[in-house]
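Shown next, in structure tokens, is the structure this report addresses.
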Amino acid sequence: MPFTPFHFGPGIVAKACAPHRFWLSTFVAANVLIDLEVLYYLHHGEAPVHRYLHTYIGGVAMGLVAAFGMFAVTVLLIRCLSVDSRWMQEQRSVPKGKLLRESMFAGLLGGVSHVLLDSLMHHDMNPLWPFAQGNALAGTIEVGTLHGALGLTGFFGVILWLFLR
């Protein structure tokens with residue numbers, strides 16, 4: 001599912017359930033970072049397009065990159081902006097360690113869920129590399145069914161998010 005919003009559905013549900021503790025931006029960033037690999041190999045016409053970042057090790061690594069990156073941006077915004085918005089007031093009152101943990105959780109969830117969801121449909125993945133080759137999950141769910149379920153997850157996540165606000 002390169003460059004589609006389908007990966008974001010589970011993150012939207014998590015954001016709806018824990019709006020002040022789950023960083024949807026970090027979750028999304030982790031998913032986008034992982035799919036940059038696909039963009040690169042598609043652009044160069046090289047197969048397979050799902051390589052190292054589409055493994056659980058790669059997903060965790062990109063989740064951590066997204067987490068530290070979003071955390072750094074947030075800390076920078078808190079320090080540099082003099083805007084007195086409600087968000088800024090909330091962020092300034094939260095200990096930095098807690099902010100980092102929240103960002104790391106969202107990044108790791110984004111990275112691991114991306115690999116899991118893609119492994120359900122892409123045969124060219126080796127999600128357990130370097131420990132095992134192949135992808136036993138590929139084809140276990142029809143692509144249309146997976147897309148429909150993830151689309152509904154995102155839709156109901158948005159509805160839940162708006163309802164709980």
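Brief remarks on what is shown
- In region 128-139, the residues that are within 15 Å of G58 (Cβ to Cβ) form Cβ pairs under 7 Å with partners that are among the hydrophobic types (A, V, I, L, M, F, W, C) and part of a loop (DSSP other than H, G, I, E, B), at six or more places apart or across chains, as follows: N135/M125.
- Any hit, region 63-72, residues being within 13 Å of the chain's Cα centre (by Cα) and surrounded by fewer than 14 Cβ atoms within 10 Å (Cβ to Cβ): no
- Test: residue in region 19-39 that is closer than 16 Å to M125 by Cβ and touching a Lys or Arg at 6+ places or on another chain (Cβ under 8 Å): yes
- Among the residues of region 33-56, those identified as within 18 Å of A138 (Cα to Cα) and surrounded by fewer than 16 Cβ atoms within 10 Å (Cβ to Cβ) are A47, P48, Y52.
- Among the residues making up region 119-155, those that are surrounded by 15 or more Cβ atoms within 10 Å (Cβ to Cβ) and part of a helix (DSSP H, G or I) are S119, L146, H147, L150, T153, G154.
- Residue in region 84-112 that is nearest to the chain's Cα centre (by Cα), counting only those that are surrounded by fewer than 21 Cβ atoms within 10 Å (Cβ to Cβ) and small (G, A, S): G97
- Scan region 1-32 for residues that are in contact (Cβ under 8 Å) with a residue 40 or more places away in the chain and part of a helix (DSSP H, G or I) and the total you get is 21.
- Cross-chain or 6+ apart pairs with Cβ under 7 Å, region 65-82 first and at negative phi and in a helix (DSSP H, G or I), then loosely packed, with under 14 Cβ neighbours inside 10 Å and of a type outside the set (A, V, I, L, M, F, W, C): V75/K96; I78/R92
- The single condition among (1) in contact with a helix residue (DSSP H, G or I) (Cβ under 8 Å, 6 or more places away or on another chain); (2) surrounded by 14 or more Cβ atoms within 10 Å (Cβ to Cβ) that L81 does not satisfy is (2).
- Pairs where the first residue, in region 104-118, is within 18 Å of L146 (Cβ to Cβ) and the second is charged (D, E, K, R) and assigned to a helix (DSSP H, G or I), C-beta under 8 Å, 6+ apart: H114/D35
Read-outs throughout are calculated quantities, based only on the coordinates presented, and are distinct from any laboratory measurement. All figures in this text were calculated on a predicted structure; none of them were measured in a lab. Quick reminder, even Gly has a Cβ in these numbers, built from the backbone with ideal geometry, and neighbours come from all protein chains shown.
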